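Enquirer: Just dropping this structure here.
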Amino acid sequence: MEIALQVVLIVSSVLLVLLILLHRGRGGGLSTLFGGGVQSSLSGSSVVEKNLDRLTLFVGAIWLIAIIGTGLLVRVGV
């Protein structure tokens, strides 16, 4: 059980990093430093971005559950 949670944690961590990096910068910060500050004429959110947001939240929830589960297993000492 502990190894399964650790595998889920590692996979969800990598997926979460990749999904966050896929998001478009919203101005300010380091994204504007490298030429990301140019506004496009399509300022509205697209369906792809909304689905990316949902997928990121879903993977984040799985990551949080895996963190809590691993912490409980470590605390109990199984």
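Enquirer: Write out, first by first residue and then by second, each pair whose Cβ atoms fall under 7 Å of each other, whose residues are 6+ apart or on separate chains, and whose first residue, in region 54-78, is over 17 Å from V14 (Cβ atoms) while the second is assigned to a helix (DSSP H, G or I).
Expert: Pairs found: G69/L5; L73/E2; L73/L5; V78/E2.
Enquirer: Among the helices (runs of 4 or more DSSP H) lying completely within the chain, list those that include at least 3 residues that are of a type outside the set (S, T, Y) and at pLDDT 90 or above.
Expert: Those helices (runs of 4 or more DSSP H) span 2-22, 47-76.
The values are calculated or read from the model by the stated rules, or taken from the named source; none is laboratory data. Only a predicted model underlies this, so the values are computations on that prediction, with no experimental measurement involved. Don't worry about glycine lacking a Cβ; one is built from the backbone with ideal geometry, like all the others, and counts go over all protein chains shown.
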